[in-house]
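Working notes, structure below.
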Amino acid sequence: MPLIQATILQGRTVEQKNEFFARVTQVAVETLNVKPEQVRVVINEVAPEHWCIGGLSKAEIDKRAAETS
């Protein structure tokens, strides 16, 4: 029973996450030779304030980008 975890930034729609679940499950079925009902997929959503890139939070990066636009 594969358990696949993905950590993503908050903000995706329910539709996007459902599509992700479906596609990741299909890849697991095809590559691991398992049944879809054996596949578990977990999304861990992280707030932009808790996601750091190069020493700055994603929220701060977005804020600076908006100020220079």
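The set of residues from the stretch 41-68 being assigned to a helix (DSSP H, G or I) and of a type in the set (Val, Ile, Thr) comprises ILE61, THR68.
Within the stretch 38-54, the residues that satisfy the criterion of being out of contact with any Ser or Thr (no Cβ under 6 Å at 6 or more places or on another chain) and loosely packed, with under 11 Cβ neighbours inside 10 Å are VAL42, ILE53, GLY54.
Under 19 Å from THR13 (Cβ atoms) and outside any helix (DSSP H, G or I), is that true of VAL34? Outline the logic, then answer.
Numbers: under 19 Å from THR13 (Cβ atoms): no; outside any helix (DSSP H, G or I): yes.
So VAL34 fails the test.
Each value in this text was obtained by applying a stated rule to the coordinates, not by laboratory testing. Only a predicted model underlies this, so the values are computations on that prediction, with no experimental measurement involved. Cβ: placed from backbone, ideal geometry, glycine included. Neighbour counts: every protein chain shown.
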